[in-house]
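Below: one structure, written as structure tokens.
The values are calculated or read from the model by the stated rules, or taken from the named source; none is laboratory data. Given the structure is predicted, the values throughout are model-derived calculations rather than measurements. Heads up, the Cβs are rebuilt from the backbone with ideal geometry, glycines too, and the neighbour counts pull from every protein chain shown. The accessibility values were calculated without ligands, DNA or RNA, using every heavy atom of the protein model including side chains. Shrake-Rupley method; radii C 1.70, N 1.55, O 1.52, S 1.80 Å.
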Amino acid sequence: MAVAFGFATSIAPSTPSNPNLRPLVVSCPQLQTFYKPLNNGRASAFNQSLRVRCESVSQNLNTIDKEELKRSSAMALAQLKASAIDRYTKEKSSLIVIGLNVHTAPVDVREKLAIQEAQWPQAIRELCALNHIEEAAVLSTCNRMEVYVVALSQHRGVKEVTEWMSKISGVSVSELCQHRFMLYNKDATRHLFEVASGLNSIVLGEGQILAQVKQVKKLGQGVDGFNKKIGGLFEHAIITGKRVRTETNISSGSVSVSSAAVELALMKLPESSYATTRVLVIGAGKMGKLVIKHLAAKGCKEMVVVNRTEEKVAVIREELKDIQIIYKPLSEMMACAAEADVIFTSTASDTPLFLKEHAQTLPVDTEMGRRLFIDISVPRNVGPCVSDLETAEVYNVDDLKDIVAANKEDRLRKAMEAQIIISEELQHFEAWKDSLEAVPTIKKLRAYLERIRASELDKCLSKMGDITDKQKKAIYDLSMGMMKKFLHGPMQHLRCDGRSDCQRPEEMLEIMHAVNRMFDLETEIILDTVRTKMERIKK
């Protein structure tokens with residue numbers, strides 16, 4: 001017992017800051033009860049001393065509890081201020097591109113993620129309904145499927161977009177992660193500029209991709225979620241693509257998938273000529289039309305075109321009056337295929353038009369010995385099993401890489417010239433984007449000072465009693481003049497409207513962040529972003 005008493009009495013007087021004091025609040029009454037049966041004087045005196053010590057400790061602990069309560073309240077208040085928007089304020093909005101292309105994923109994976117143009121607006125709406133996606137755009141072609149987003153959180157944004165891609169395609173997240181690529185901010189911007197310029201295509205300088213980038217912007221107009229940042233990104237990408245094509249000769253030669261397909265088939269023909277080759281084109285859409293034009297340019301004077309309707313074929317026939325173009329409906333596709341040496345397919349069909357059982361029933365010309373299938377569709381129109389037949393030779397968009405083999409040194413020179421232009425346009429875009437970021441700060445600073453001005457004006461007028469309207473106006477004008485004077489300096493440094501003396505982007509951002517800190521505007525700006533996001537989700 002003496003050990004126990006010594007321990008208790010030695011610890012009880014400890015300083016209030018000792019973290020081990022709290023358990024003694026419980027132990028002291030227990031000790032009092034334990035010693036109550038002792039009747040001798042020494043025990044009574046000791047009990048009395050122990051009670052005094054316990055009361056002293058309890059008083060000290062009450063003081064500590066009050067101090068801790070104050071600290072806890074302060075911490076709770078700080079947490080309350082940071083809660084709800086904490087996940088947004090810790091990270092700055094990021095521009096992200098997540099996608100798969102011909103360089104990272106095989107066609108059998110890409111075709112599962114393909115989204116038709118008519119569905120691009122719906123894809124934007126679905127992406128922006130995700131918790132951390134503020135703006136979005138989708139670029140889906142035969143060579144790529146890329147999602148561009150402005151994300152409130154980089155990590156969470158990538159996770160949500162990847163899961164969305166998995167949901168619409170049926171491809172598991174783990175498989176997508178094996179083939180996807182991700183780029184952020186400046187790298188994402190440079191990537192799109194290179195795509196629009198034809199530097200990221202199978203065939204260097206491909207012209208069709210710029211038209212597809214334009215289509216993204218056209219279809220995105222008016223869609224909630226295709227807003228300033230994403231819209232400006234695609235607008236600058238189009239400007240960059242045009243400059244590259246105007247200021248370099250990168251578009252010379254075979255610069256599209258369609259022209260490369262025609263070149264590939266020509267390389268595989270016995271006499272490298274379309275003069276006597278029986279050609280069938282299935283599909284008269286954008287890609288099919290380009291195939292027909294390139295065939296005509298390579299000396300093909302006669303061809304059969306199978307399409308759902310004759311209207312598009314008639315339009316092409318009017319443009320190429322010297323070429324004999326024979327229209328056939330889809331119901332006669334197999335009969336036409338039986339009489340063709342080379343078959344180009346470019347339809348939007350979700351299922352293959354030719355499977356192994358179809359192709360093996362088609363007779364083969366003895367001179368050719370095989371039938372060429374050039375499939376430039378995604379999803380593929382010709383099943384991969386067709387290539388198992390000895391009488392068939394199948395090529396898809398991935399095989400067009402074989403065409404890009406000539407003039408490597410010249411292509412590198414063109415690409416270097418293009419990169420100079422891209423770097424210039426990248427600087428212009430970053431300056432524009434940085435100036436855009438200052439707009440909320442300008443608005444919030446103006447509103448902040450206006451609230452102060454109006455409040456102080458009301459106080460002043462209430463103290464002055466009865467004064468004339470002229471005097472009231474003079475006081476009002478004085479308050480407005482002072483506010484404008486106060487705003488002049490910050491506004492002049494925050495604006496970047498193309499003036500020659502405009503601040504460098506990094507200087508402007510430094511000033512913007514300083515203003516945000518001085519007047520505590522950052523939280524209000526973030527809250528506006530979150531409110532906009534919540535309103536979009538409710539819709």
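Quick look at the numbers
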{"quantity": "Rounded, prolate or oblate (a/c below 1.5 giving rounded, otherwise prolate when a/b exceeds b/c) for segment 267-411 by Cα gyration tensor", "calculated": "rounded"}
{"quantity": "Whole-Hz ³J(HN,Hα) from phi, Karplus 6.51 cos²θ - 1.76 cosθ + 1.60, for segment 141-152, glycine and proline x", "calculated": "9, 5, 9, 7, 9, 10, 10, 9, 9, 9, 10, 5"}
{"quantity": "Accessible heavy-atom area order of Leu389, Leu183, Leu127, highest first, probe of 1.4 Å", "calculated": "Leu183, Leu389, Leu127"}
{"quantity": "Whole-Å distance, taken between Cα centres, linking segment 200-258 and segment 264-285", "calculated": "29"}
{"quantity": "By average C-beta atoms within 10 angstrom, highest first, the peptides 195-206, 344-355", "calculated": "195-206, 344-355"}
{"quantity": "Ranked packing of 314-322, 334-342, 378-386, most packed first, by mean Cβ within 10 Å", "calculated": "378-386, 334-342, 314-322"}
{"quantity": "Accessible area per residue, Å², segment 151-232 with all protein chains present, probe 1.4 Å", "calculated": "41"}
{"quantity": "Residue order for Tyr184, Tyr395 - accessible surface, 1.4 angstrom probe, largest first", "calculated": "Tyr184, Tyr395"}
{"quantity": "By average C-beta atoms within 10 angstrom, highest first, the peptides 101-107, 239-245", "calculated": "239-245, 101-107"}
